[in-house]
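Enquirer: If you scroll down you'll find the structure; I have some questions about it.
The values are calculated or read from the model by the stated rules, or taken from the named source; none is laboratory data. This one's a predicted model, so the numbers in the text were calculated from it and none came from an experiment. Positions of Cβ are generated from backbone atoms using ideal geometry, with glycine treated the same way; all protein chains shown enter the neighbour counts.
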């Protein structure tokens, strides 16, 4: 009898030691006195008791030994959530009976008074493990993950595939889909590793994701500035994957569980030259920018295709699940702006865009509250979609090749058949600047200097924006009467800017016509005024590089002037 | 697995020896009814066993002398349970013949008008949804399906043999898998082995 009792006791002591390495015994969920963590009982040796009891358990399975916190939690919600997370139930409420920080860890049903903890700990100490009763910064739980939900969302796995380590409980997504409270083979009791976001991918199947640099890039952090991967153990973009930007708990940006709020901080921790080679943050610090800083919480992925409340966030122009380096010939959208929404040449919302200009049209076409054009002209138009319409008398070739098939000034590789991008003119200045209209020292986020003031002394620099494509030599020194009498006379001799006569985008056919508004002619009325003799302010195209003007400029009356 | 027939044979003899085998340990335990006023025989074993006219309604009951419960039990259930749990049978039904609170403790030896009922912690009741499941087959297949259980046929129970040999009854998990009704090892709550460091639970659960 004595011997067998000793054996039993010995066995009892040995069994935990003999258990396979992946046992609750070796984890911080062993809250007993033998536990490896710092939050643990002062004397209690039983391990299961903190959660389970063989008798008189809480009605909540499995044999729960704790009270239901019985609280009303603030739930996760966002405009893109199809699921309807309810108050936590199932396994979730069990986890929360410790992890919301309201019930003493040692308060179990099978003991008359709470089991004492070391260091006087009662409830869950503050920190990552204490989720609080505000679950709006945590991944939603306790919702029905049905095939219908997956179909509605469009980027979720069919729940029928969840038969492996990630599982649902009664078709509900609960904490236990991602966490196994008894085993901790990875970290944080996860059921699957988060390396390269393997865990997330069990459910989330984001469109485009397989090809994006955010999944594939081996880039590392140079150690300067903020640690972009402050909540993971990984050190490359590809290893962090979803967690480059998202956090399943304690998310700084509650909506869509972003690492940070405001929005741009998620991007700029990497796109500041510390991880990604190009320093976008520097561009956004210039005087003329797509100002991502001034507004926060306005952008919403569900906002209408035609933007109604003006704002510019990084994710308005970039789809972080899709972005990649993949050049495309104009007018096609390249990889940087792949998978974003836009508005097509007919003014109809499209998702995704096919052409770059469709992205610009979201805000610069039919949106309300657009600023007035920077130049006051005889024909006013600030809807760029109408300015670039291919039915117009003239336009820069954004949607299709231009109307004029005789443009001698064009520098190679440009020809009359070329199509160009909005971003050929509107982009960050500087020869090494990253592509795209992030920020420039020139107004209108122009890539090069473009002087519009009257009496500007002509130079290559002053009009470099134009001279990049239109040969300065041909424009102002060519021998013909046009070159001499028109361009040289006005630009060089009279110090008039290109912008005085030309409206660089185009003239809408709704307002202009093929007699008066070819060659992007639409006078700036701050410089050019009507001819007092006829009262006309007009250019007339007479064909064959011939025309006449009725106007007054620099005190010189054209009533008309021919060339 | 225990050999009921052999036991029954042995058993009659043992009872005649006035329960010498278990008397030392059971006496003084919660199951020692020899000093109860309602037990006029003053015997230890009589409330549960009798060598004669034993109740055979429960299969494999060891010469049962106690009124057997007829209650219909609410069974344990959960989203993660893999076992098929049935109405209590075998020795569990015997335990519940006192511990469900529907049958009087002093309903033994043919008596059915007893007045002593278990109460407090001893009262398990007829709702078993808040109790560890019992009366189900626990075999290698279940262990495989669950993934968090040891194979009972190969895992040492710490009591000398495998879980199956020492803790299961015809392959089934019962109240007596965890409890020793006779208190032979004198562990609190009539446990079959100590539960310090949750050693009892971790015998079967690979958690």
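Enquirer: Look at residue B:129 and say whether it is surrounded by 14 or more Cβ atoms within 10 Å (Cβ to Cβ), at pLDDT 90 or above, farther than 16 Å from residue B:174 by Cα and in contact with a strand residue (DSSP E or B) (Cβ under 9 Å, 6 or more places away or on another chain).
Expert: No.
Enquirer: What number of residues within segment A:266-298 satisfy the criterion of being within 30 Å of residue A:135 (Cα to Cα) and surrounded by fewer than 19 Cβ atoms within 10 Å (Cβ to Cβ)?
Expert: Qualifying residue count for the region: 6.
Enquirer: If you go through segment B:188-204, how many residues are under 18 Å from residue B:176 (Cβ atoms) and within 9 Å of chain A (Cβ to nearest Cβ)?
Expert: 8
Enquirer: Can I ask one more? List the number of the failed condition for residue A:302; all other conditions in (1) at pLDDT below 95; (2) within 14 Å of the chain's Cα centre (by Cα); (3) surrounded by 13 or more Cβ atoms within 10 Å (Cβ to Cβ) hold.
Expert: Only one criterion in (1) at pLDDT below 95; (2) within 14 Å of the chain's Cα centre (by Cα); (3) surrounded by 13 or more Cβ atoms within 10 Å (Cβ to Cβ) is unmet by residue A:302, namely (3).
Residue by residue, here is whether (1) within 16 Å of residue A:458 (Cβ to Cβ); (2) in contact with a helix residue (DSSP H, G or I) (Cβ under 8 Å, 6 or more places away or on another chain) holds:
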{"site": "A:473", "(1), (2)": "yes, no"}
{"site": "A:496", "(1), (2)": "yes, yes"}
{"site": "A:509", "(1), (2)": "no, no"}
{"site": "A:518", "(1), (2)": "no, no"}
{"site": "A:521", "(1), (2)": "no, no"}
{"site": "A:525", "(1), (2)": "no, no"}
{"site": "A:529", "(1), (2)": "no, no"}
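Enquirer: Sticking with this one: For segment A:180-199, which residues satisfy the criterion of being closer than 21 Å to residue A:142 by Cβ and crowded, with 18+ Cβ neighbours inside 10 Å?
Expert: Selection gives A:180, A:182, A:189, A:190, A:191, A:192, A:199.
Enquirer: If you don't mind, another one. Restricted to segment A:64-76, and to residues that are in contact (Cβ under 8 Å) with a residue 12 or more places away in the chain and more than 12 Å from residue A:108 (Cα to Cα), which residue is nearest to the other protein chains (Cβ to nearest Cβ)?
Expert: Step by step, filter segment A:64-76, then rank; the result is A:69.
Enquirer: Another question, then. Looking at B:183, B:145, can you tell me which residue is out of contact with any strand residue (DSSP E or B) (no Cβ under 8 Å at 6 or more places or on another chain), in a loop (DSSP other than H, G, I, E, B) and more than 10 Å from every other protein chain (Cβ to nearest Cβ)?
Expert: B:183
Enquirer: Could you grab me the full set of residues in segment B:174-195 that are touching a residue at least 60 places away in the same chain (Cβ under 8 Å), crowded, with 21+ Cβ neighbours inside 10 Å and within 17 Å of residue B:93 (Cβ to Cβ)?
Expert: Scanning segment B:174-195 gives B:174, B:175, B:176.
Enquirer: Within 14 Å of chain B (Cβ to nearest Cβ) and buried (at least 16 other Cβ atoms within 10 Å of the Cβ): which single residue out of A:176, A:212 fits that description?
Expert: It is A:176.
Enquirer: What residue, of A:57, A:79, A:23, A:61, is in contact (Cβ under 8 Å) with a residue 12 or more places away in the chain, at the interface with another protein chain (Cβ under 9 Å from one of its Cβ atoms) and farther than 16 Å from residue A:189 by Cα?
Expert: Unique residue meeting the criteria: A:57.
Enquirer: So, one more: Which condition breaks for residue A:133 when tested against (1) within 19 Å of residue A:249 (Cβ to Cβ); (2) touching a strand residue (DSSP E or B) at 6+ places or on another chain (Cβ under 9 Å); (3) without any contact (Cβ under 8 Å) to a residue 24 or more places away in the chain?
Expert: Going through the list (1) within 19 Å of residue A:249 (Cβ to Cβ); (2) touching a strand residue (DSSP E or B) at 6+ places or on another chain (Cβ under 9 Å); (3) without any contact (Cβ under 8 Å) to a residue 24 or more places away in the chain, residue A:133 breaks only (3).
Enquirer: Separate question: Mind listing whichever residues of segment B:162-173 are crowded, with 20+ Cβ neighbours inside 10 Å and within 13 Å of chain A (Cβ to nearest Cβ)?
Expert: Answer for segment B:162-173, where residues must be crowded, with 20+ Cβ neighbours inside 10 Å and within 13 Å of chain A (Cβ to nearest Cβ): B:163, B:167, B:173.
Enquirer: Would you confirm, using the coordinates I've provided, whether residue A:260 is free of Cβ contacts under 8 Å to residues at least 24 places away in the same chain, in a loop (DSSP other than H, G, I, E, B) and surrounded by 15 or more Cβ atoms within 10 Å (Cβ to Cβ)?
Expert: yes
Enquirer: Something else: State the number of residues belonging to segment A:453-463 that are crowded, with 18+ Cβ neighbours inside 10 Å and within 36 Å of the chain's Cα centre (by Cα).
Expert: Adding up the residues that qualify gives 2.
Enquirer: Shifting gears a bit: Residue by residue through segment B:152-161, note down the ones that are more than 13 Å from chain A (Cβ to nearest Cβ) and surrounded by fewer than 21 Cβ atoms within 10 Å (Cβ to Cβ).
Expert: The answer is B:153, B:154.
Enquirer: Out of B:112, B:154, I need the residue that is farther than 23 Å from residue A:53 by Cα and either touching a helix residue (DSSP H, G or I) at 6+ places or on another chain (Cβ under 8 Å) or assigned to a helix (DSSP H, G or I) (or both). Which one?
Expert: Residue meeting the stated conditions: B:154.
Enquirer: Go through the residues of segment A:163-173 one by one and say whether even a single one is at negative phi and within 23 Å of the chain's Cα centre (by Cα).
Expert: Checking segment A:163-173: not a single residue is at negative phi and within 23 Å of the chain's Cα centre (by Cα).
Enquirer: Any idea how many residues of segment B:111-126 are under 22 Å from the mean Cα position of the chain (by Cα), more than 14 Å from chain A (Cβ to nearest Cβ) and exposed (fewer than 12 other Cβ atoms within 10 Å of the Cβ)?
Expert: Number of matching residues: 1.
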